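Okay, so here's the structure we're looking at.
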Amino acid sequence: MPADTPTVILQMDFASPPPWGEARREALRALAHSIAADTPGLAWKIWTEDEAAGRAGGLYAFTSREAARAYQEMHTARVTARGATDIQARIWDINMELSAITRGIPA
């Protein structure tokens, strides 16, 4: 398996203050670029939000559990500083064989 193949998923979500919609996208665009460029072991991130519930977060694919844990720790501090509360996080191993069958990971 290539070294850059994701092996774990970090799922994080938290109660988040506004803004939402376009204002949120504008406010977080620079952060998205920074995450993409400066996060060791990150293969990809999907941003998630539920405005009605006041929650935001993401799904992150990392190449190692260690990289996912390091990011979780750093990101928890970052979103706390931005006003987030009720932060929940889980790290999941990827079942590579079954995920390839369902097109979650390239075969």
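Key figures
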read-out	value
Count of residues meeting criterion [at pLDDT 95 or above, surrounded by 12 or more Cβ atoms within 10 Å (Cβ to Cβ) and in contact with a strand residue (DSSP E or B) (Cβ under 9 Å, 6 or more places away or on another chain)] in the stretch 93-107	1
Check on LEU31, open to solvent by 40 Å² or more (accessible area, probe 1.4 Å) and either modelled with pLDDT under 95 or over 14 Å from GLN11 (Cα atoms) (or both)	no
Meets criteria (open to solvent by 40 Å² or more (accessible area, probe 1.4 Å) and not β-branched (Val, Ile, Thr)) for ARG69	yes
The stretch 55-76 residues that are in contact (Cβ under 8 Å) with a residue 40 or more places away in the chain and among the charged types (D, E, K, R), paired with ones that are open to solvent by less than 60 Å² (accessible area, probe 1.4 Å) and not in a strand (DSSP E or B) (beta carbon under 8 Å, 6 or more apart)	ARG55/SER16; ARG65/THR7
Failed item, numbered, when GLY83 is tested on (1) surrounded by 13 or more Cβ atoms within 10 Å (Cβ to Cβ); (2) of a type outside the set (A, V, I, L, M, F, W, C); (3) in contact (Cβ under 8 Å) with a residue 60 or more places away in the chain	(1)
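The values are calculated or read from the model by the stated rules, or taken from the named source; none is laboratory data. The structure presented is a predicted model; accordingly, all values stated were derived computationally and were not measured. Because the Cβ atoms are built from the backbone with ideal geometry, glycine has one as well, and the counts that use them run over all protein chains shown. Side chains included, ligands, DNA and RNA excluded: accessible areas come from the protein's heavy atoms. Shrake-Rupley method; radii C 1.70, N 1.55, O 1.52, S 1.80 Å.
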